[in-house]
Amino acid sequence: SKLAALFKHPLYNIPVPEVTEKDKLFIINPMEKFSLHSSGSDEWVSSSKAETLLLTGKTAYDTYPTWLKFHIGINRYELYPRQDPLLPTLLQDLATQRIVSSVQKSGGTQLKLIMTFPNYGQALFKPMKQTRDQETPIDFFYFSDFERHNAEIAAFHLDRILDFRRIPPVSGRLINITKEIRDITTDKKLAKTFFISPAGNVCFYGECSYYCSTEHALCGKPDRLEGSMAALLPDKTLAKRRSWRSPWRRSYHKSKKAEWELNPNYCAQVRETPPYDSGHRLLNLIDMTILDFLMGNMDRHHYETFEKFGNDTFLLHLDNGRGFGTHSRDELSILAPLQQCCSIKKSTYLRLQLLATQPYRLSDVLREAMAADPLAPVLAEPHLQALDRRLGKVLVAVGHCLAR
C-alpha cells in the first residue's frame, strides 16, 4: 500500500503542538453519558435504558456516537488527527446509517439536503448532477458551473493526503429517493417538487436560486441516486464560525477583473492587512490555494475559521463541489497567491516534493484512498493524471520563487 507507506513517512509524523484545554473546541464533562430519546424505533433508547446498557468500566466517552467523538476531537490545529481510529467508522456511518429525516438546506445556489440519522448525527447530501467523464464546457463561467458530488468525496481524500485535514469526512452513498427523501421529508416546499418523469423515474428539484426547476431536476434510476454525504460540523450555536472573504476572490462578473488580477504587487498590501500581517494565516491560505489548483476549483470566494481560536488556527476548506470539473485545462490563475507572495510552508513544500516521486505518486495514493468508497471509482482516470501534471506546475512555481 502506497498510502500506508505515505502516512508512515517522517513528513507525516511531524508532531502537532501539545493540545491544552484552551486549544480544544469543546470542554466536555467526563461524567456525562450520551443518551437517546425513546421513540417508536428500536435504535432509540431512553436515558434510563442507556444507563443499563453500559458495560461496567465503560467511560461516558464510550457512549458517544462517532459523529460526537469527531466534534469533541476538533482542536486549534486540526479537524481530526492523522492516524484517527474514528475515521473508518465515521465514513461507514455516513454510507450506511438509516436516514430518519431529509430536509433541504437553505441558502446556496444549488440543491443540498440535510439528512439526519437515528443517533442524531447529520450529513450534508449533495446529489449527482453529472457523470464522471463530463467536463465543464469551455464557455461556462466558473460561477455558473454545476457542483459535483464526486468532487466533494475526492476533495476530502486529497486534503487528507496533503496532510491538511481541514475538510470534514465525506463518503459517497446511493440513496433511494422515494424511501430516504420523499416519504420521510417534513419539508413542505421540497415535498411539492417531486414528480415522475416520462421515463418513469422519480425526480425532484427543490427550491434554490439557480438550478431548481423541472429542467434541472434530479432523477433516480428509477429512484436510486448517487450523492456525497459530508459529516456536518458542530452547530454554529455551539461553536461559532467566522466567515472570511478571500483576498484573492474573483469578481463574479462576466467582464470585470478583480484587483489581484490587475496588480502584480497585490500581495504587498495583503501582507499589511490583518489578519494576514501576523501568524500563519497567509501561509494557510496558500495551502488552500494549492489544494484548489490541484482540483481546478476557481470558486473559493470565502473560507471559515472557528471563532474560539482567533487568528491562530487552520482554515476550513468547505464546499468543494466545483473542483474536478476539467482535466484537460489547468487554471494557473488559481495559484496567484503562491506566485505573487512567493511564500509556502516548508512542511507543505516537502510533502509536495514527496508526492511527486514514484513511490508516493499523488495520483496513485489518491486512487487508493478512494478505492474503498461506496461509489468507487470516484474520479475518471484523466482527473488523476491531471493531478500529477498540476503538482509539477506547483513545484515549478515554487522553483521560480526560490530562483528570485
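The values are calculated or read from the model by the stated rules, or taken from the named source; none is laboratory data. None of the values given here were measured: they were computed from a predicted structure. For neighbour counting, all protein chains shown are included, and Cβ atoms are generated from backbone atoms with ideal geometry for every residue, glycine included. Only protein heavy atoms, including side chains, enter the accessible area calculation; ligands, DNA and RNA are left aside. Shrake-Rupley method; radii C 1.70, N 1.55, O 1.52, S 1.80 Å.
Applying D = kT/(6 pi eta Rh) to the chain, where Rh is the Kirkwood radius over alpha-carbon pairs, T corresponds to 25 °C and eta to 0.890 mPa s, the Stokes-Einstein value obtained is 108 µm²/s. Here each label is just a point 7 Å from Cα along the line to Cβ, and for L283 and S255 those points are 4.3 nm apart.
Under a 1.4 angstrom probe, counting protein chains only, how are C203, C212 ranked by accessible area, largest first?
C212, C203
Once you sort the root eigenvalues of the Cα gyration tensor of the range 264-338 as a ≥ b ≥ c, which label holds: rounded (a/c under 1.5), prolate (a/b larger than b/c) or oblate (the other case)? Could the numbers behind the result be given before it?
Working: a/c = 2.92, a/b = 1.44, b/c = 2.03.
Oblate is the answer for the range 264-338, as a/c is 1.5 or above yet b/c matches or exceeds a/b.
Just to be sure I understand the rule: take each whole DSSP H helix in the chain, project its Cα atoms onto its long axis, keep it if the span is 15 Å or more and its mean Kyte-Doolittle hydropathy is at least 1.0. Which ones pass? Helix filter hits for the chain: 281-295.
Once the chain from Q358 to Q130 is taken as fully extended at 0.36 nm per residue, the excess over their C-alpha distance is 78.9 nm.
Distance cut-off 32 Å, Cα to Cα: go down the list K308/K346; K236/K256; K126/K254; K254/K345; K24/K346 and report the pairs above it.
K236/K256; K254/K345
Show me the trypsin sites (Lys or Arg not before Pro) within the range 294-348 that DSSP assigns to loop and that have at most 12 other Cβ atoms within 10 Å of their Cβ.
R329
So what's the net charge close to L335: Lys and Arg +1, Asp and Glu -1, counting the other residues with Cβ under 13 Å from its Cβ? Computed value for this residue: -2. Residue separation of D388 and Y77 scaled by 0.36 nm, minus their Cα-Cα distance, works out to 109.2 nm of gained length.
Per residue, the convex hull spanned by the Cα atoms of the range 135-273 amounts to 194 cubic angstrom.
Average accessible surface for the chain: 47 Å² per residue, computed with a 1.4 Å probe over protein heavy atoms with every protein chain in place. Residue ranking by accessible heavy-atom surface, 1.4 Å probe, largest first, among R160, R148 comes out as R160, R148. The mean sequence distance of close C-alpha pairs (under 8 Å, at least 6 residues apart), as a share of the length of the chain, puts its relative contact order at 18 percent.
Between F34 and R404, the contour length at 0.36 nm per residue exceeds the alpha carbon distance by 127.5 nm. Listed by chain and number, the aspartates and glutamates whose C-alpha is less than 15 Å from the C-alpha of K192, apart from same-chain residues fewer than 8 away, are D183, E207.
Taking the Cα centre of the chain as origin and assigning +1 to Lys and Arg Cβ atoms and -1 to Asp and Glu Cβ atoms, the resulting dipole is close to 460 debye. Label reach from I14 (point 7 Å along Cα→C-beta): in the range 307-337, no amide nitrogen lies under 14 Å.
Note on K346 and R242: the model spin-label points, each 7 Å out from Cα along the C-beta direction, lie 2.8 nm apart. With Cβ to Cβ distances under 13 Å as the rule, what net charge do the other residues near L225 carry (K, R +1; D, E -1)? That sum, taken over residues with Cβ under 13 Å, equals +4.
Between L174 and D235, the simple spin-label model (points 7 angstrom out along Cα→Cβ) gives 3.4 nm. Equivalent ellipsoid of the range 241-403: semi-axes from √(5λ) of the C-alpha gyration tensor, largest first, are 26, 18, 18 Å.
Near R390, once Lys and Arg are set to +1 and Asp and Glu to -1 for all other residues with Cβ below 10 Å from its Cβ, the sum equals -1. Along the positive direction of the dipole of the range 301-404 (beta-carbon charges: Lys, Arg +1; Asp, Glu -1; about the Cα centre), which of L315, P337, H400 reaches farthest? Positive-end residue among those listed: H400. Mean separation of Cα pairs under 8 Å and 6 or more residues apart, divided by the residue count, gives the range 241-403 a relative contact order of 24 percent.
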